[in-house]
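The values are calculated or read from the model by the stated rules, or taken from the named source; none is laboratory data. Everything numeric in this text was worked out from a predicted model, so none of it was measured. FYI the Cβ positions are ideal-geometry reconstructions off the backbone, even for glycines, and counts take in every protein chain you see. Surface accessibility is based on the protein's heavy atoms, side chains included, excluding ligands, DNA and RNA. Shrake-Rupley method; radii C 1.70, N 1.55, O 1.52, S 1.80 Å.
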Amino acid sequence: MTSSEVKKRRRRKRGKIILFICLLLFAWFWFSLPRQLFTEPTSFVIEDREGALLSASVSADGQWRFPDISEVPYKFETSILTYEDKRFYSHIGIDFLSLGRAIRQNFSQNRVVSGASTISMQVIRLSRKKPRTIFQKCIEMILALRLELRYSKKEILAMYVSHAPFGGNVVGIDAASWRYFGRSPQLLSWGEAAALAVLPNAPSLVHPGKNQDILKRKRDELLHKLYEQKIIDELTYQSSIEEPLPGEPKSLPSLTPHLLNKFRGDYKNYKASTRLQSTIDKSLQEHVIQIAQYHSKTLKENEIHNMAIMVLDVESGDVLAYMGNLYQPTLPETESFVDVIQAPRSPGSLLKPLLYEVALHDGLLLPHTLLPDIPTQIGGYMPQNFDKNYDGAASASNAISRSLNIPAVRLLREYKYPRFYAALQQGGIRTLTQSPDYYGLSLILGGCEVSLWQVAGLYASLARAYLHADPEDGSLHTDDFFMPHYELQTSAKEQYHPHMSFPSDAVSLWYMLQAMEEVARPGEESYWQFSSTAQQIAWKTGTSFGYRDAWALGISTKYLVGVWVGNADGEGRPGLIGVRAAAPVMFDVFQYLPSSRWFEPPSAGYVYLSVCNESGFKAGPYCSSSKEMMLPKAGQRTALCPYHTLIMMHPTLNYQVNESCFSPLEMRKVSWFVLPPAMEYYYRLNHPEYKPLPPFMEGCAFLETKKHMSLIYPLNMSRIYIPIELSGERGELVCQAVHKHPKETLYWHLDKIYLGKTEGLHNMPVQAQLGWHTLTIIDESGEKITVRFEILEK
């Protein structure tokens, strides 16, 4: 091998080594920049639907560091570039002119007087957090070149202003603008933008509230540059230098602290950013808080400290207002930090319209079917109406509008509580964590727990499904059933929701809404019938056992308003009733909302049937008056009227007769509305127009087989406690019975011992010892009632 060949081989080898080194350097350069420059935790931030700040929290490391902004406001961009990097849009990450000037100045002064760092280099320095040395400065220049290859100039500037220090624990222009001026960076004036633009350069030296002379000098110098460059005019310059400097940091808005906490808990479903643009309407949210504060002044006098309000857009499911509690951070004893919108609470009567709707849908009753409202005992359970009175019979719609407990319990017994339990769970009520038998019939009277979030979501879904019912056949769409959502960029249908459905049809929903619109509980809710609100509202209240929870929920075609009032710790208070504590709040919220039309009647999915005017059942052959009604198709399966019967009467219409005493040729057939004895007794008290059956004419044989007698109290298998009186003796048990014939005589026996007889008013006082007893009553015709009851010691 000649010497020339050796040299040639060496050159090739050196060339390969140089190429390999260059490739290594290029690979290092290319991959030197981490995929994510900044990994520090950021503050959780919630904005309203227009981008206004609602609430924010400090980040996990104690800094006010909002998530990165995507666009830098013009005034601040102009100010920061004029102050720090005027050739930002023309250099490649290194400003060689500034670098040469800095080297010359530093050597001439024998100290560092200029750093020549570009904004791109400062982004690298902020992300690496390395000490400031010449070596690190060189690394920053190389990485700044790589940064420019990966990101646009706008993106680099946004990264810098989002992570630049602004004094104290404030990081980024977004947090700084709110902390120092109480507004978003888009709304900063030129003077405010200039004051903030000089801070990142020396945040420890120039801190708002301190060193005001230095801060003012630097700000005014920057404003003068902007004026010299004709970016601002003289008037703007003069007014800007007169603007006050930022003082101590301001408190951030805290309009939705509970929604902020919910967002933090739901963050795993979002991941992209700790900033959320919500569906909240800031103006409405502020007004809702003002309404709550106004009513809380009165409620606090009764030691009622907590309130939750939620407003939904029915059509979209958007949460327009979310006040999880009336937030009072200075009063920790009120537990206002509890988000009651998400908390399981007893709903009282809030579920009754849902039972009415599923019963209509199932063909169990018609809209105005009479339901018994009499003393009732089912097993060991004895429900009572709120006012402790009985109507004897009430139409189903009236029972809902008046929130009668006994008809609701008896209806649930017919519908079967396991079916209703399953329907509620399918409808999104996921707080029913026990078995159906655990709740039993008390399910309809608040013997369970629901959250305002879920029950509002179900009612809003039903209203939405009704509005979207198929005009051809009245069918409902399952896509309309979903829980509320509060993220603006994602529709509720796109969000994950457990599958929801509910047994319903358009016509049944129409009658449910009509019954709710006519709410008028005597002595309580009736005065709200004439509320000053200009729009029709379907609404329902609820009061839990022990006066622990007061609810009001209202629906229009556009909005749903849900209100809860009570104490977060579960303490009950006298007068904590839905209609008195929660309904006024709900109506005040509706008063603020725009008016909306009422629900239109269904256009399909119905049948017309003849309905008895008096009983509300399908008209039978003996119903004296009836009318054609639009009904759910399932209404065809309901029973015929059981209360109208055909009786034979004397031509004078004063007596009943039969073949034993009167000629059939002279008898008159008359249709008569007849209720069972117990129902009749209470019904007559409230309906003076009711006419009991006339007596049989003297001499007529008694041929009837229907019951004429009913025991009002005690009911069979009752367990009764009789208190000890002042004399030291146990008091008397007053037994009560009713008979269809007012002059009938009843004979009473206790444990086979004759007690006496009663006429007309059938009340019998009984001295009963502890233990089980058998009570027997016999009328003159031999009809007999026997019940067993137990007297308890305590």
| said: Just want the answer: with Cβ charges of +1 for Lys and Arg and -1 for Asp and Glu, which residue in 160, 346, 595 is farthest toward the dipole's positive end in the chain? | reply: 160
| request: Give the calculated FRET efficiency between residue 499 and residue 472 to the nearest 0.05, with a Förster radius of 22 Å applied to their Cβ-Cβ distance. | output: 0.30
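Can you sort 776, 39 by solvent-accessible area, 1.4 Å probe, largest first?
From most exposed to least exposed: 39, 776.
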| task | Calculate the spin-label point distance for residue 430 paired with residue 130, positioning each point 7 Å from the Cα along the beta-carbon direction, and give it in nanometres. | result | 4.8 nm
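Please calculate how many Å² of accessible area the stretch 109-259 carries per residue, with a 1.4 Å probe and no DNA, RNA or ligand atoms counted.
Heavy-atom SASA per residue in the stretch 109-259 reads 46 Å².
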| field | Contact order relative to length of the stretch 158-317, as percent, for alpha carbon pairs under 8 angstrom and 6 or more apart | value | 18 percent
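If contacts are Cα pairs under 8 angstrom and at least 6 residues apart, what is the relative contact order of the chain in percent? Could the numbers behind the result be given before it?
Details: 1527 pairs, mean separation 73.7, N = 794.
RCO, the chain: 9 percent.
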| Percent accessible area from carbon and sulfur atoms, the stretch 340-389, protein chains only, probe 1.4 Å | 53 percent
| query | How long are the three semi-axes of the equivalent ellipsoid of the stretch 619-687, in whole Å, if each is the root of 5 times an eigenvalue of the C-alpha gyration tensor, listed from largest down? | reply | 29, 17, 10
| query | So how exposed is residue 190, as accessible area in Å² (1.4 Å probe, rounded to 10)? | reply | 30 Å²
| field | Rounded percent of accessible protein surface that carbon and sulfur make up, the stretch 689-794, 1.4 Å probe | value | 54 percent
| task | Post the alpha-carbon centroid distance, the stretch 584-631 to the stretch 275-291, in whole angstrom. | result | 35 Å
| task | Could you please state, rounded to a whole Å, how far the C-alpha centre of the stretch 320-335 is from the C-alpha centre of the stretch 345-407? | result | 35 Å
| message | Among 691-699, 340-348, how do they line up by average Cβ neighbours within 10 Å per residue, starting with the highest? | response | 340-348, 691-699
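In terms of solvent-accessible area of protein heavy atoms at a 1.4 angstrom probe, what is the ranking of 739, 468, highest value first?
The residues order as 468, 739, largest area first.
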| request: Could you sort 565-578, 146-159 so that the peptide with the highest average Cβ count within 10 Å comes first and the rest follow in order? | output: 565-578, 146-159
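Between residue 784 and residue 381, 0.36 nm times their residue separation minus their Cα-Cα distance comes to what? Can you show the working numbers first?
Details: separation 403, 0.36 × 403 = 145.08 nm, distance 2.49 nm.
Answer, rounded to one decimal: 142.6 nm.
Given R₀ = 22 Å, FRET efficiency for residue 245-residue 74 by Cβ-Cβ distance, to 0.05?
The computed FRET efficiency comes out at 0.50.
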| task | Work out how much length residue 747 to residue 633 would gain on full extension: take 0.36 nm times their residue separation and subtract the Cα-Cα distance, in nm to one decimal. | result | 36.2 nm
| said: For the chain, take every pair of Cα atoms, bin their distances at 10 Å starting from 0, and report each bin as a whole percent. | reply: 2, 11, 16, 16, 13, 12, 9, 7, 5, 4, 3, 1, 1, 0, 0, 0
| task | Compute the length gained on full extension between residue 769 and residue 690: take 0.36 nm times their separation in residues and subtract their Cα-Cα distance, giving the result in nm to one decimal. | result | 24.5 nm
| In the chain, with Lys and Arg counted as +1 and Asp and Glu as -1 at Cβ, which of these residues, 57, 69, 750, has the Cα nearest the positive end of the dipole, that is, farthest along it? | 69
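With N set to the residue count of the stretch 156-305, report its C-alpha Rg divided by 2.2 N^0.38 Å to two decimal places.
1.35
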| Rounded to the nearest 0.05, what FRET efficiency is calculated for residue 757 and residue 646 with R0 set to 22 Å and r the Cβ-Cβ distance? | 0.10
| message | Tell me whether the stretch 128-181 comes out rounded, prolate or oblate; compute the Cα gyration tensor, take square roots of the eigenvalues as a ≥ b ≥ c, and use a/c under 1.5 as the rounded threshold. | response | oblate
| So which GluC sites (Glu not before Pro) in the stretch 722-794 are both in a DSSP loop and have at most 10 other Cβ atoms within 10 Å of their Cβ? | 725, 729, 793
| request: Heads up, I need the accessible area for residue 735: 1.4 angstrom probe, whole protein in place, Å², nearest 10. | output: 0 Å²
| said: Going by average Cβ density within 10 Å per residue, which order do the peptides 211-220, 594-603 take, highest to lowest? | reply: 211-220, 594-603
| said: With a cut-off of 8 Å between alpha carbons and a minimum separation of six or more residues, what is the relative contact order of the stretch 617-771 in percent? | reply: 16 percent
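In terms of solvent-accessible area of protein heavy atoms at a 1.4 angstrom probe, what is the ranking of 331, 761, 226, highest value first?
The most accessible residue leads, giving 761, 331, 226.
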| What net charge do the residues around residue 550 carry, taking every other residue with its C-beta under 11 Å from that of residue 550, with Lys and Arg at +1 and Asp and Glu at -1? | +3
| note | Given unit charges at Cβ for Lys, Arg (+) and Asp, Glu (-), the dipole magnitude of the chain about its Cα centre in debye, nearest 20, is 5660 debye
| said: Please list, by residue number, every one of the GluC sites (Glu not before Pro) in the stretch 286-372 that is coil in DSSP and has at most 12 other beta-carbon atoms within 10 Å. | reply: 301, 303
| the chain - mean residue ellipticity at 222 nm from DSSP helices (-39,500 (n - 2.57) per run, n ≥ 4, rounded to 500) | -10000 deg cm²/dmol
| task | In whole angstrom, note down how far apart the Cα centers of the stretch 461-491 and the stretch 747-771 are. | result | 60 Å
